[in-house]
Amino acid sequence: DSLKNAFKNKFYIGTAMSLPQIHGTDVKSVEIIKNQFSSIVAENCMKSMYLQPQEGQFFFNDADKFVEFGEKNKMFIIGHTLIWHSQAPDWFFVDKNGKNVSPEVLKQRMKSHITKVVSRYKGRVKGWDVVNEAIMEDGSYRKSKFYEILGEEFIPLAFKYAQEADPNAELYYNDYNEWHPGKVKTVTQLVKDFKSKGIRIDGVGMQAHVGMNTPSIDEYEKAILAYAETGVKVNITELEISALPSPWGTSANISDKVAYDEKMNPYKNGLPMDVQTTWENRYLDFFKLFLKQKNNIRRVTLWGVTDNQSWKNDFPIKGRTDYPLLFDRQYKTKPVVDKIIKLT
Ligand code: XIL
């Protein structure tokens with residue numbers, strides 16, 4: 001059986017696609033994607049620095065291929081992401097002298113980017129991560145260029161522009177660590193404000209780049225319920241469970257390479273059995289939660305197919321060997337997949 005069959009009447013189960021997958025050169029991954037997943041999102045090629053590297057010069061080749069692949073395979077296609085401070089082209093925020101543009105100019109640039117991209121895929125891309133990562137864990141607004149120039153307004157503006165370009169597409173606010181109480185507070189407030197002002201928002205995307213210990217399943221469930229209560233669906237986006245020790249809050253720059261590897265990159269030659277078991281159980285705990293909350297969840301999307309594709313090997317520090325996804329470096333289905341399927 002496959003993941004997509006198992007979750008058919010519950011929620012979409014998706015994956016991010018890399019360029020070699022989109023262009024079909026990573027043949028084995030493409031087979032897995034076709035067999036296992038009912039939804040896709042582009043890992044990078046629909047970010048603004050790739051779609052509009054220079055003002056008014058759009059590059060759609062990769063994104064077009066991605067959307068064609070999704071249509072051909074009858075998948076629920078997600079666009080990621082329209083407005084994000086990261087992987088945005090530098091020109092977006094400055095004038096010819098390198099000075100911040102005026103609020104009016106930034107609005108115009110946002111509008112023309114969103115309109116061009118969303119209307120190109122109108123009716124084909126079914127949901128958009130309209131704004132990504134605008135709120136901090138403490139609930140304050142990220143001091144991005146968008147915020148610096150436009151203030152909080154940039155968020156509802158982006159949703160309005162997207163809605164005008166494709167009134168039928170679902171529109172999402174997407175962020176990481178969205179189980180953090182401070183983020184939950186501001187993001188739920190944002191959704192409520194939108195609803196009271198009649199601004200369209202259909203879902204909150206909870207990036208699920210999680211580790212072995214944090215967050216707890218309980219904390220995660222609380223956040224899902226808080227978002228659902230505001231009347232939107234929850235998308236579990238960018239799911240992967242890193243098997244490596246978290247570098248956050250630890251001293252990752254140990255000068256002794258051997259000591260460093262022991263601490264930060266301990267499983268270069270494979271995952272020990274006990275760690276593998278803990279990791280499996282962590283996946284199963286999350287999927288049990290998703291199934292329990294299936295009426296509030298629209299989609300669960302993995303951030304990639306195989307371990308060697310995962311950005312986690314290089315983030316937040318480079319050159320580690322991580323095991324965060326459902327298919328291994330030999331393109332083999334990990335045992336956890338059957339166990340997930342059995343939960344349904
Ligand atoms: C990551 C990609 O996986 C990497 O290949 C790229 O180098 C950086 O971006 N939050 C997001 C995703 O919304 O777009 C990011 O994807 C991971 C964090």
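Annotations for the structure displayed:
- Any hit, region 247-262, residues being more than 17 Å from the chain's Cα centre (by Cα), within 16 Å of the ligand (Cβ to nearest atom) and at pLDDT below 95: yes
- Residues of region 253-268 satisfying the condition of being in contact (Cβ under 8 Å) with a residue 40 or more places away in the chain and surrounded by fewer than 15 Cβ atoms within 10 Å (Cβ to Cβ): K268
- Top-ranked residue in region 216-246 [being part of a loop (DSSP other than H, G, I, E, B) and over 12 Å from N296 (Cβ atoms); ranked as nearest to the ligand (Cβ to nearest atom)]: S242
Residues are listed down the side, and each one gets a yes or a no for (1) out of contact with any Leu (no Cβ under 8 Å at 6 or more places or on another chain); (2) buried (at least 21 other Cβ atoms within 10 Å of the Cβ):
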position	(1), (2)
F146	no, yes
F154	no, yes
A158	no, yes
E164	yes, no
L171	yes, yes
G182	yes, no
T188	yes, no
V204	yes, yes
A208	no, yes
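- Of the residues examined, Q207 is one that is within 30 Å of W248 (Cα to Cα) and either within 16 Å of the ligand (Cβ to nearest atom) or of a type outside the set (V, I, T) (or both).
- Pairing each residue of region 166-187 that is more than 17 Å from Y141 (Cα to Cα) with any residue that is among the hydroxyl-bearing types (S, T, Y) and more than 14 Å from the ligand (Cβ to nearest atom), provided the two are 6+ apart or on different chains, yields C-beta distances under 8 Å for D166/S119; D166/Y121.
- Tallying residues that are within 14 Å of the ligand (Cβ to nearest atom) and either part of a loop (DSSP other than H, G, I, E, B) or under 23 Å from K312 (Cβ atoms) (or both) within region 41-65 yields 10.
- Scanning region 128-144 for residues that are in a loop (DSSP other than H, G, I, E, B), touching a helix residue (DSSP H, G or I) at 6+ places or on another chain (Cβ under 8 Å) and within 13 Å of the ligand (Cβ to nearest atom) yields a total of 1.
- Put simply, of K122, K111 the only residue that is basic (K, R), more than 16 Å from the ligand (Cβ to nearest atom), within 19 Å of F58 (Cβ to Cβ) and not in a loop (DSSP other than H, G, I, E, B) is K111.
- Close Cβ contacts (under 7 Å, 6 or more residues apart or on different chains) running from residues in region 295-318 that are under 30 Å from L225 (Cα atoms) to residues that are modelled with pLDDT under 95 and more than 13 Å from the ligand (Cβ to nearest atom) comprise P316/P247.
- Positions within region 126-136 being touching a His at 6+ places or on another chain (Cβ under 9 Å) and either small (G, A, S) or surrounded by fewer than 16 Cβ atoms within 10 Å (Cβ to Cβ) (or both), in sequence order: A134
- Within region 302-317, being within 11 Å of the ligand (Cβ to nearest atom) and either surrounded by fewer than 21 Cβ atoms within 10 Å (Cβ to Cβ) or of a type outside the set (A, V, I, L, M, F, W, C) (or both) holds for G304, Q309, S310, W311, K312, N313, D314, F315, P316.
The values are calculated or read from the model by the stated rules, or taken from the named source; none is laboratory data. The structure displayed is predicted, hence computed values, not measured ones. Cβ coordinates were reconstructed from backbone atoms using ideal geometry, including for glycine residues, and neighbour counts include every protein chain displayed.
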